[in-house]
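Read the figures in this text as sums done on the coordinates, not as results from a lab. Values in this document were obtained by computation on a predicted structure and should not be read as measured data. Cβ: placed from backbone, ideal geometry, glycine included. Neighbour counts: every protein chain shown.
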Amino acid sequence: MAAAEHSFDVVSEFDRQELVNAVQQAQREIATRYDFKDVTAEITLGDQSITVLAASEGRAQAILDVLQGKMVRRGLSLKILRPGKAEPAARGNVRQVVDLQQGIDDELARALVKRIRAAQPKVQVRIQGTELRVSGKDKDTLQAVIQDLRDYDAPVPLQFTNYR
């Protein structure tokens with residue numbers, strides 16, 4: 001009888017509902033804060049991005065700080081945010097688009113595959129779209145791969161799913 005294959009997936013995703021909640025909390029705080037009184041201060045959640053509209057770059061950064069605080073409290077990684085450059089908007093305001101990162105891009109996937117193979121040559125790694133499938137005969141080896149990836153400071157948050 002052959003040894004069973006064990007595997008897990010490496011993914012990068014976030015809980016959309018938690019992000020919605022964090023944005024709503026940030027909107028409520030901005031609406032009640034004295035330093036945002038009588039100035040433009042808006043935060044809007046889109047499908048793939050968050051848009052901040054503020055009176056100045058400093059205020060835009062303050063709004064982002066409020067949002068980041070809410071995200072941390074809700075267990076969301078700040079690595080999902082990729083802030084763009086603040087650009088001039090109508091009426092002298094500033095608009096900043098913050099892209100939301102989900103999934104592992106090709107470049108990072110290749111770097112992770114290389115890292116995993118260097119650390120644990122006995123496991124197989126396949127890139128499947130925006131995630132990686134790591135498989136091997138020994139559960140301890142897979143646990144070592146997970147630990148190695150947890151210690152690695154990837155530019156996106158990594159989760160490990162479908163462990164079997």
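Find out how many positive minus negative residues lie around Q159, taking Lys and Arg as positive, Asp and Glu as negative, among other residues whose Cβ is under 13 Å from that of Q159. Walk me through the intermediate numbers first.
Values: positive: K79, R150; negative: D9, E13, D15, E131.
Charge balance in the 13 Å sphere: -2.
Restricting to lysines 8 or more places apart or on different chains, can you count the pairs in segment 33-164 with Cα atoms under 29 Å from each other?
Going through segment 33-164 pair by pair, I get 11.
Could you grab the relative contact order for the chain? Cα pairs under 8 Å, six or more apart, rounded to a whole percent.
Numbers: 259 pairs, mean separation 54.8, N = 164.
Computed value for the chain: 33 percent relative contact order.
Tell me the Kirkwood radius of segment 6-164: reciprocal of the mean inverse pair distance over distinct alpha-carbon atoms, in Å.
After inverting the pairwise mean of 1/r, the radius is 17.5 Å.
Segment 1-72: which trypsin sites (Lys or Arg not before Pro) are DSSP loop and have at most 12 other beta-carbon atoms within 10 angstrom? Could you put the intermediate results ahead of the total?
Working: sites: R16, R28, R33, K37, R59, K70; in loops: R33, K37.
Within segment 1-72, the qualifying trypsin sites (Lys or Arg not before Pro) (loop, at most 12 other Cβ atoms within 10 Å) are K37.
With all pairs of different alpha carbon atoms counted, what Kirkwood hydrodynamic radius in Å does segment 16-100 show?
In segment 16-100 this quantity evaluates to 12.7 Å.
Is there a quick way to get the dipole size of the chain? I mean about its Cα centre, with the Cβ of Lys and Arg at +1 and of Asp and Glu at -1; what is the value in debye to the nearest 20?
With only Lys, Arg, Asp and Glu charged at Cβ, the dipole is about 180 debye.
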